[in-house]
Amino acid sequence: MSTIATPVSPTSSATQVPSQPYFQGMSWNEHQSVTLLSSLKTVATLQGQRSMHPLAQDMMQSIQDHLLPWQGSIEDLPIISPELLGRELIGRYQELALQFLILMPYLSMEVEQAEVNLVQQFAQGCLHEPHTLKSLKQVYSGQLQGLFWDYSVRSLVKLLPGGWWQKLKCIFSAMHQYIGDPETARQYQVLEDLPAGTLGKELYQYYRDRNFPLPGEQKSFSDILVPHDLIHLLSGIDTSPVGEIVVAGFEAGMSGSQFGFELLLEVVLDFHLGLEFTTLGVLDPSQNNFVPSLVIQAFVQGTTVRQDLFSPYWSFTELLEQPITRIREHYNIQALDLNRMVEPQEQLLPQTVLGSC
């Protein structure tokens, strides 16, 4: 089988190795756990002035259940000052706490100024402002077009290999594939002939089952987005609106930088707030698809993967002829079944929508 020439493969002589997950190997103690959960409660209740939204309660409970050792009652947690978070948590613990805090205002699907201001105060208390906080403020102020272009540029920087010249070549290749690139299309079409259960065969079937054009076929997404689809296949997470948010939670945990939380924000805007942020008319946006227990479980699973598979220096082409089971074992990926991960009292998940981001 001919090797697929994909723009996400490294082309320099000095091959770079994808980094490990940024939040891998963290071990929270009980004091850190109480500080994190107390900060989340402070934001969710606006410093004790209101009751928590049900999804905020679920988010805190899920973080406690799947990430933290502390087994106390959320109701008994104190309201804390933003400065206390900055004093009690440092390094990656502080950074992850801020990322969770930034997610809280989105849960109700109505981003409120008071919540945004309070999250900003916590960031100031930590002397750190993640890019996702800037995005939160843009969402509140309705600056979605500016956010879209900012996110697009950052995505090109983070997800494409090499310098700007190589990145531009990738973009031109993607445009050419959308118009139609028979050579690239043939390289993906031959994946049909691989044995069942191999990564390449499953990738081919993944596109055909969803009536999506393969990279190189007219109106294709191009092979820039193939790693995202491979992560769906390797993680076992479906492509329903719920699944798209959950797989982004997995990517946030697996990412070699905090950019993974920007990937999560993208789908929260599309499939929880229903803002049609990056669906671009190809997929239908939808609302209320953020299931905290699933997202946090997927995030934790993502942190255990051996390396960042969304890195532009992850060369997937050499793996296409290998069985998916072997690849999962090599990268320490546990396949996730969303329906089995749902708590018994929760409603069944929506049926899978044949679509992909």
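The values are calculated or read from the model by the stated rules, or taken from the named source; none is laboratory data. The shown structure was predicted, so the numbers you read here are calculated from the model rather than taken from an experiment. Please note: Cβ atoms are built from the backbone with ideal geometry, for glycine as well, and neighbour counts cover all protein chains shown. Side chains included, ligands, DNA and RNA excluded: accessible areas come from the protein's heavy atoms. Shrake-Rupley method; radii C 1.70, N 1.55, O 1.52, S 1.80 Å.
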Quiz prompt | Any hit, segment 96-103, residues being of a type outside the set (Ser, Thr, Tyr) and either part of a loop (DSSP other than H, G, I, E, B) or more than 18 Å from the chain's Cα centre (by Cα) (or both) | solution = no
Practice problem: Six or more apart or on different chains, Cβ under 8 Å: which pairs go from a residue in segment 194-220 that's farther than 21 Å from GLU321 by Cβ and modelled with pLDDT under 95 to one that's open to solvent by 10 Å² or more (accessible area, probe 1.4 Å) and in a helix (DSSP H, G or I)? Could you list them? | Solution: GLN218/TYR178; GLN218/ILE179; LYS219/TYR178; SER220/TYR178
Exercise. Can you give me the ranges of the helices (runs of 4 or more DSSP H) entirely in segment 243-357 with at least 2 residues that are at pLDDT 95 or above and not small (Gly, Ala, Ser)?
Key: 259-271, 292-303, 324-331
Exercise. Look through GLY274, GLY243 and report the one residue that is closer than 29 Å to MET109 by Cβ, in contact (Cβ under 8 Å) with a residue 12 or more places away in the chain, open to solvent by 10 Å² or more (accessible area, probe 1.4 Å) and small (Gly, Ala, Ser).
Key: GLY274
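What number of residues in segment 119-145 are open to solvent by 40 Å² or more (accessible area, probe 1.4 Å) and not hydroxyl-bearing (Ser, Thr, Tyr)?
Of the residues in that region, 12 qualify.
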Quiz item: Could you count how many residues in segment 157-196 are within 13 Å of SER222 (Cβ to Cβ) and assigned to a helix (DSSP H, G or I)?
Solution: 16
Practice problem: Return the only residue of LYS169, LYS158 being of a type in the set (D, E, K, R), within 22 Å of the chain's Cα centre (by Cα) and either open to solvent by less than 70 Å² (accessible area, probe 1.4 Å) or within 26 Å of GLY256 (Cα to Cα) (or both). | Solution: LYS158
Practice problem: Give the residue, chosen from VAL17, VAL34, that is assigned to a loop (DSSP other than H, G, I, E, B), β-branched (Val, Ile, Thr) and open to solvent by 20 Å² or more (accessible area, probe 1.4 Å). | Solution: VAL17
Exercise. Check segment 289-299 and report whether any residue there is surrounded by fewer than 21 Cβ atoms within 10 Å (Cβ to Cβ) and out of contact with any helix residue (DSSP H, G or I) (no Cβ under 6 Å at 6 or more places or on another chain).
Key: no
Practice problem: Please work out if GLU262 is charged (D, E, K, R), in contact with a Phe, Trp or Tyr (Cβ under 8 Å, 6 or more places away or on another chain) and touching a residue at least 24 places away in the same chain (Cβ under 8 Å). | Solution: yes
Exercise. Six or more apart or on different chains, Cβ under 7 Å: which pairs go from a residue in segment 161-183 that's of a type in the set (A, V, I, L, M) to one that's in a helix (DSSP H, G or I)? Could you list them?
Key: ALA174/ILE224
Quiz item: When both residues are 6+ apart or on different chains and their Cβ atoms are under 9 Å apart, which pairs have a first residue that lies in segment 66-81 and is within 21 Å of ALA123 (Cβ to Cβ) and open to solvent by 60 Å² or more (accessible area, probe 1.4 Å), and a second that is of a type outside the set (D, E, K, R) and in a loop (DSSP other than H, G, I, E, B)?
Solution: ILE79/THR45; ILE79/GLN47; ILE79/GLY48
Quiz item: Which members of segment 167-193 meet the condition of being of a type in the set (Val, Ile, Thr) and within 20 Å of VAL157 (Cα to Cα)?
Solution: ILE171
